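Report on the following structure.
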Amino acid sequence: MDALMLGCAGAFLAFMLAAGKGRLPRYFSFAGCLLLFASLGMRWYMLGRPPWATLYETAAILALVTGIAAAYWYMKGETRALYTPLAAITVLITAFSAASWKDGMAISPALDSGWLLIHVPLAILSYGMFAISCVASIALIALCILNGKDEQALKKLDSVSHACIAVGLALLMAGIIMGALWAKAAWGSYWSWDPKETWSLITAAIYAAYLIVRKTGISAEDAAFLSLLGFMAVLFTYLGVSYIIPGLHSYA
């Protein structure tokens, strides 16, 4: 079990409990992010390879994105509906990563490549951006139901969701391209319609559709629902394919 990751989970839990109480939340969020960086560094040193070759290892990168986002929006004075769920996600992910940690775990020969340095972080960073967009979309929908007249808050949440999807889609497309190049080197083909490849493409198509329809004047609430649909595809790509559908990426 990774004590540093558990420490990070504890720091972000304390951040949630102390939110709004002076400088303490800032210190807790800073400590949590620092522990995450330290954990990744220690894992890299211990394993002798990048620490994102397995599902529970990639969770550390995802937690880093959501944790930094939670800390950033707290310090910017944004709504609790944005930073509290992100902190909660960080706690859950880091606890999962810590509990699943295994010392000296061997990886598939296909993963023993320099492409591991590029392809996986790009994909996981994109998932992190989509997670932030999902949280902002849920907050926006809730606000529409409870207090639809707060136009400034709605506009802010919509802007966060839109920007994160634009960045996330760029990262995902770069990851898909890097993955295709890696697949050619490892398996002899750029594309094999493996379940992970297929669902990555479906996810990209949904978010591309989101960006396209935004230009047609779609309402912020309708766009938020499309964002949620995209994140459902992300979850299936990240977790469903890994656990349910066997394929070349089952180890990930």
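Filtering 167, 234 for residues that are in a helix (DSSP H, G or I), under 26 Å from residue 150 (Cβ atoms) and under 15 Å from the mean Cα position of the chain (by Cα) leaves a single hit, 167.
Which residues, counting only those in the stretch 36-66, are part of a helix (DSSP H, G or I) and either on the phi > 0 side of the Ramachandran plot or among the aromatic types (Phe, Trp, Tyr) (or both)?
Within the stretch 36-66, the first condition is being part of a helix (DSSP H, G or I), and the residues that meet it are 36-47, 55-66.
Within the stretch 36-66, 37, 44, 45, 56 qualify.
In the stretch 92-106, the qualifying residues are those that are open to solvent by 30 Å² or more (accessible area, probe 1.4 Å) and either outside any helix (DSSP H, G or I) or of a type in the set (A, V, I, L, M) (or both), and the one that is modelled with the highest pLDDT is 92.
Test residue 32 against the stated conditions and say whether it is at pLDDT 90 or above, closer than 20 Å to residue 5 by Cβ and under 14 Å from the mean Cα position of the chain (by Cα). So residue 32 fails the test. One residue stands out among those in the stretch 74-91 that are open to solvent by less than 30 Å² (accessible area, probe 1.4 Å) and of a type in the set (Ser, Thr, Tyr): the one that is modelled with the highest pLDDT, which is 90. In the set (1) closer than 30 Å to residue 114 by Cβ; (2) part of a helix (DSSP H, G or I), the condition left unmet by residue 193 is number (2). Could you tell me which numbered condition residue 20 fails, if it satisfies all but one of (1) open to solvent by 40 Å² or more (accessible area, probe 1.4 Å); (2) under 30 Å from residue 177 (Cβ atoms)? Result: residue 20 fails condition (2) only. For residue 198, the requirement of being crowded, with 21+ Cβ neighbours inside 10 Å, polar (S, T, N, Q) and in a helix (DSSP H, G or I) is not met. Report the residue count in the stretch 118-169 for those that are in contact (Cβ under 8 Å) with a residue 24 or more places away in the chain and either more than 17 Å from residue 229 (Cα to Cα) or of a type in the set (A, V, I, L, M) (or both). Matching residues across the stretch 118-169 total 30.
The values are calculated or read from the model by the stated rules, or taken from the named source; none is laboratory data. Because the structure is predicted, anything quoted here is derived from the model rather than measured. Glycine also receives a Cβ, built like all others from the backbone with ideal geometry; neighbour counts cover every protein chain displayed. Just so you know, the surface numbers come from the protein's heavy atoms only, side chains and all, with ligands and any DNA or RNA stripped out. Shrake-Rupley method; radii C 1.70, N 1.55, O 1.52, S 1.80 Å.
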